[in-house]
Each structure stands twice: as structure tokens, then as C-alpha cells.
Amino acid sequence: MAADEKSVWIGFDLGGTKMLAIAYDQDWKILGRRRRKTKSRSGSDSGCERIATTIEQLLEEAQLKKEKIAGIGIGCPGPIDLAKGRILMTPNLGWDDVEIGNFLKKRFDCGVVVVNDVDAGIYGEYQFGAAKGARCAVGIFPGTGVGGGCVYDGQILQGAKFSCMEIGHMRISGDTRVTGSAITGTLEAEASRLTIAAEAAKAALRGEAPHLYDAVGTDISEIRSGALSDSIKNGDKVVRQLVEEAARSIGVSVANLVHLLAPDRFVLGGGMVEAMEDLIVKTVRETARANVMSVYKDVFEVVAAKLGDDAGAMGAAAWAHRKLTEG
């Protein structure tokens, strides 16, 4: 390897509560990682600076020079302007019209590819994890919101100008609840962790979830995936019902996508799935198969993601590698 060869790929996953940067070599060996809180309501300008300083801290800790960076891939929540590398809006972060691609290009003097965060996650699973070998793989990642992405014949499914597969914002019911956007009755309004946490807090206050109440009280910000899982394990039946209802809503959405795309694999990821994998995956799978035309019942799988928190960062880096080296 030449001394001046650019050989480091940076993958960055901008999450609703945490951001993760990972440096890889050309064989996808991890050279270092850095995780920080997102501080979503601090504003997009300070958010961009926080992203950049996180990468700089990663480089310093891994003893890597900026000049070695071959490219940066960053997965961001919400719709993305693909040509400009611009975040159009992030319903659960409060950032709108953010030129993150140009910001990072100027800061690090390298190519930058901006992609939707779940597109990055499912691409990571397609290349290295649970979706490897699939022709059409759809990712659904419930968390602060509900993100979606699709890899079709090795390519991330994208629109002509913008990212797509905003599965969480598809209307699936007549309910009037809203989440990060003003659209009512969406999958995100039915199945996000925030929705489950809000309903679980009500149940705890009513005395219907005593373990949850004793463990974390009724503060929605404290009712995270682990707390929900522990609540179920300790006999809070109403919390189990809330999670099952959310999983059934995801299952209905899976059935709709089967009729639309006939994917051979659905990958469920994110902290909530990791904390309650058996319950959520089983419920989604059974609900989906009960709601598709008979010819489709056995042509798709519903599986849990394998890469954990690394999926988005690894997928973003791999997609950047593909776009910057292959065009």
C-alpha cells in the first residue's frame, strides 16, 4: 500500500438519541469507533459541528490521519436530497434543510455520500448480515420513529431525486394520533417506541404496570426498550399487549409491502427489536402471513438484524465505497 493512499472509510449513523462513527480499512476491519449523544434539539448548526467533532475524535483515538480518509458515508433519519447530500427534514430531530454533505466535504476534504439511515442499515445487513443473499430485502427499524429501507438487486431503492421507503409515514389506520409529522394514523404513530412508552406510562400511572412504575416511573424519556422488556418479563401484561399491538401494526405493513414488492426477506432492527426479539419478530411474522394473498404466504422471511448498532454505520460506509469507487 502506498504511503499516501487513502485507505480509511468512515461510516456514520445519526440516530435519534445517539450518533455512532466507525472507521474501517479496505477489508472492513474496524479501526476505531466513537459514540456520542445526538442532542437532537440543540439545532442543526451545532448538530453538524457535533458530527464533525465526533469524527475528529474517532480519528484521534484511532491514531488515524484525516488525509487517509477515502470517503465518508453518513446515514441520516428522514428524507434525503440525494444529489445535494442534504437532509430535507427529520421529524424526530427537528432538523430541516441541512447541507450535511457539503459541510463534511469541506471539513474533511474527501467524498461524502449521504443516505437515509435505514437505507444504510438494510444495506449493511444486505452486505454483511441478516439480508445477505437476498434479491429484495426490506428493513423496518422501530425506535424513536419507524424507519424503512429497501435493497433491490444490490441497489438501495431510491427515488429520482430523494430517498424513499418512508414506511413509518404510511397511513395504516384511521387513528388520529400523530408523531413527528402531521400525518395521522401512520405506522410510526402506531408502532414507535415513543408511542408504546406513552401508552405504557398511562398504564403505569393507572396501576396496571406495577413493575414498570417501580423501575422507571411514568417519565416517557426513561421508558426505553430495556425497561419495556424488563416490564414484560416481570409480569406487566398490559405492556406486553402494547408491544404486541405495535408488532401487529408492523406486520400489516409487511403484508402491504409483500403485495407491492414481493421481498424475499424482511429485516427488523433497532433497540426495541434487540430487547424483545422473539416477541416482536414472531408477532410480525404471524400477522404478515395472515394478511397476504395465499400465494405469498411462504415466499418471504421475517428475521432480526444481525449487526446491531453497527448496521447503519457499516452500511453507510459500504454504500459510500460503492458510490465513490464504482459510480
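The values are calculated or read from the model by the stated rules, or taken from the named source; none is laboratory data. Computed from a prediction, not measured in an experiment: that's the story for all the values here. For neighbour counting, all protein chains shown are included, and Cβ atoms are generated from backbone atoms with ideal geometry for every residue, glycine included.
Here are a few things to note about the model shown:
- In the range 1-110, counting only strands (runs of 3 or more DSSP E) that sit wholly within it, the ones holding 1 or more residues that are modelled with pLDDT under 95 and either β-branched (Val, Ile, Thr) or crowded, with 22+ Cβ neighbours inside 10 Å (or both) span 8-14, 18-24, 69-76, 86-90, 95-98.
- Residue satisfying all of: in the range 301-327; touching a helix residue (DSSP H, G or I) at 6+ places or on another chain (Cβ under 6 Å) and assigned to a loop (DSSP other than H, G, I, E, B); farthest from ASP153 (Cα to Cα) among these: LEU307
- Among the candidates ALA134, ALA189, ALA198, ALA204, residue that is assigned by TED's automatic domain parsing to the domain that holds LEU242, of a type in the set (A, V, I, L, M), outside any strand (DSSP E or B) and surrounded by fewer than 18 Cβ atoms within 10 Å (Cβ to Cβ): ALA198
- Residues that are over 20 Å from the mean Cα position of the chain (by Cα) and among the polar types (S, T, N, Q) were ranked within the range 5-38; the one that is nearest to LEU194 (Cα to Cα) is GLN26.
- Matching residues, the range 287-324, being free of Cβ contacts under 8 Å to residues at least 60 places away in the same chain and touching a strand residue (DSSP E or B) at 6+ places or on another chain (Cβ under 9 Å): ALA288, ARG289, PHE300, GLU301, VAL302, ARG322
- Matching residues in the range 207-220 - criterion: being touching a residue at least 12 places away in the same chain (Cβ under 8 Å), surrounded by fewer than 19 Cβ atoms within 10 Å (Cβ to Cβ) and in a helix (DSSP H, G or I): PRO210, HIS211, ALA215, ILE220
- Qualifying residue in the range 242-259 (condition: farther than 20 Å from GLY143 by Cβ and touching an Asp or Glu at 6+ places or on another chain (Cβ under 7 Å)): no
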